[in-house]
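Colleague: Sending over a structure as structure tokens; questions will come in a sec.
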Amino acid sequence: MAQRRRGWFRSSGNDEWVAPARTALASAFLDMDRRQSAADAAVHAADQLFPERRMGARWEPVRDRCYGAAEVYLALSEELDGAQRSGTTMPNGQQRVDAAVRQLTDAARAIDEFYRGNQSGLEEALAVLGAVPQLVRQVKVVAAGVRGQAAESDFADYPSVRERAAAVDEALVTLEAIGSDAPGAARAATARLETAAKALADALAQAPSRAAAAHTAISSVTTRLSAVRTRADGVAPAFSALLREFNAASSADLADNERESRRAIEAADAALGKARAAVAENNPEFALDLTTSARGFLAEAEQQVDAVAKRLDLLRAIRSDPQEHAKAVRFRLRDAQMFAVSRGLVAEWGSVLDAQAARIDRVSETLSGRHPDYWAYAAELNAVTEFIAGVVDRMRKQAGPRRE
């Protein structure tokens, strides 16, 4: 049987093309497969590390083209095997092999085009992927070292050190829980661990200076507290002057300022006392937090104290020359009117601005009687000023005059 088959091939001559056809077909397939495997690995790395780039979606049509060419190759190879075993001929065999080789070659060329078009991103992904295990090891070693320093430090009980040490512990646990099949997650967790370790190292470095900073802050707040107490003593006389010299409505909103300023001062004093105690207990960070609270209370007290003094000064200034305040508003109004003219917006905004002039006149007419309400006068003029500013802002935003 074997002798008869060899004779059949020799007589027909059909076997002469099979060997080189097989070689060409296999060579084209292996070349495409090698390129596809390399591209697949790079795309997989990119999808794991940089999913937002959607590299896999761009690669999918090229990969499908490779799968199609591979299916043709496998089917044709099986036909060649069957034909050789049975001694039968393959109609258009050479032409079909040539077409398959071209399809494999075209698919390989498509891989090359895809890779060249995305080369920087793909190679970056491969480089980062290869570096992830080493990066994880390095960051773990550094984090463990910093964590050990914190545990043995004299400042281990400082809140900043405790909080950041806990953050390092949490980041380490998270990283340990990630498997080797998730390099993207491992890389992100490693970055978080690195950040936490750096924050802990910074806290340890700053800890020795906390005690001195706390002493300085306490001294500063003590001085400020004394000054605010002194200024607060002037609230009652200033409020009495407001009641004597001006309409009661001009100071009604300030009636509780003395009490509120004292309350804020006492709260600041209490916080400052706790800060001193915290320093004595070697807890300067808590002391610094308390001095920050004390500053906040003092700022509140200063606002209450200043409001009364400023109101008295303002009302006296208006009383001495009521029209001076109105002049300043009229000056702003003239500026706005000139701006409307320069922008060609008189038709749209002229009447609006003219109405403010009449409004200023009406406000000025309210200053009558033994105790005119200067505060209401000032408030109304301020409202006019704000309205004019709003009109100017709207005019600035317009490209030019409206044309019908």
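Colleague: Note down all Cβ pairs under 9 Å where the first residue falls in the stretch 154-179 and is within 15 Å of ALA205 (Cα to Cα) and free of Cβ contacts under 8 Å to residues at least 12 places away in the same chain, the second is part of a helix (DSSP H, G or I) and of a type in the set (D, E, K, R), and they're at least six residues apart or on different chains.
Modeller: Matching pairs, first to second residue: ALA156/ARG162.
Colleague: Give ALA150, ALA166, ALA156 a once-over and let me know the one that is among the hydrophobic types (A, V, I, L, M, F, W, C), more than 30 Å from ALA28 (Cβ to Cβ), in a helix (DSSP H, G or I) and over 28 Å from the mean Cα position of the chain (by Cα). If you could, list the steps in order and put the result at the bottom.
Modeller: Numbers: ALA166 fails: over 28 Å from the mean Cα position of the chain (by Cα); ALA156 fails: in a helix (DSSP H, G or I).
That would be ALA150, the only listed residue that is among the hydrophobic types (A, V, I, L, M, F, W, C), more than 30 Å from ALA28 (Cβ to Cβ), in a helix (DSSP H, G or I) and over 28 Å from the mean Cα position of the chain (by Cα).
Here is a yes/no grid of residues against (1) of a type outside the set (D, E, K, R); (2) in a helix (DSSP H, G or I); (3) in the same structural domain as ALA271 (by TED's automatic domain parsing):
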{"position": "GLN304", "(1), (2), (3)": "yes, yes, yes"}
{"position": "LYS310", "(1), (2), (3)": "no, yes, yes"}
{"position": "ASP313", "(1), (2), (3)": "no, yes, yes"}
{"position": "ALA328", "(1), (2), (3)": "yes, yes, no"}
{"position": "VAL341", "(1), (2), (3)": "yes, yes, no"}
{"position": "ILE360", "(1), (2), (3)": "yes, yes, no"}
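Colleague: Examine the stretch 109-120 for a residue that is at pLDDT 85 or above, surrounded by fewer than 16 Cβ atoms within 10 Å (Cβ to Cβ), more than 24 Å from PRO183 (Cα to Cα) and basic (Lys, Arg), and state whether such a residue exists.
Modeller: Within the stretch 109-120 (the criterion being at pLDDT 85 or above, surrounded by fewer than 16 Cβ atoms within 10 Å (Cβ to Cβ), more than 24 Å from PRO183 (Cα to Cα) and basic (Lys, Arg)), the answer is yes, since at least one residue qualifies.
Colleague: If GLY273 passes every condition in (1) modelled with pLDDT of 90 or more; (2) touching an Asp or Glu at 6+ places or on another chain (Cβ under 9 Å) but one, which one does it miss?
Modeller: Looking at each condition in turn, GLY273 falls short on (2).
Per-residue answers, yes or no, for (1) assigned to a helix (DSSP H, G or I); (2) without any contact (Cβ under 8 Å) to a residue 12 or more places away in the chain; (3) outside the structural domain of PRO284 (by TED's automatic domain parsing):
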| position | (1), (2), (3) |
| --- | --- |
| ALA188 | yes, yes, yes |
| LEU193 | yes, no, yes |
| LEU200 | yes, no, yes |
| ALA203 | yes, no, yes |
| SER219 | yes, yes, no |
| THR222 | yes, no, no |
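Colleague: Is there a residue in the stretch 310-333 that is exposed (fewer than 15 other Cβ atoms within 10 Å of the Cβ), under 15 Å from ALA378 (Cα atoms), of a type outside the set (Lys, Arg) and in contact with an Asp or Glu (Cβ under 9 Å, 6 or more places away or on another chain)?
Modeller: yes
Colleague: Would you pick out the residues in the stretch 264-280 that are hydrophobic (A, V, I, L, M, F, W, C) and either surrounded by 16 or more Cβ atoms within 10 Å (Cβ to Cβ) or touching a Cys at 6+ places or on another chain (Cβ under 6 Å) (or both)? Let's see the steps before the verdict.
Modeller: Start the filter on the stretch 264-280 by keeping residues that are hydrophobic (A, V, I, L, M, F, W, C), which leaves 264-265, 267-268, 270-272, 275, 277-280.
Of everything in the stretch 264-280, those that are hydrophobic (A, V, I, L, M, F, W, C) and either surrounded by 16 or more Cβ atoms within 10 Å (Cβ to Cβ) or touching a Cys at 6+ places or on another chain (Cβ under 6 Å) (or both) turn out to be ALA264, ILE265, ALA267, ALA268, ALA271, LEU272, ALA275, ALA278, VAL279.
The values are calculated or read from the model by the stated rules, or taken from the named source; none is laboratory data. Keep in mind that what you see is a predicted model, and the values were worked out from it rather than measured. Please note: Cβ atoms are built from the backbone with ideal geometry, for glycine as well, and neighbour counts cover all protein chains shown.
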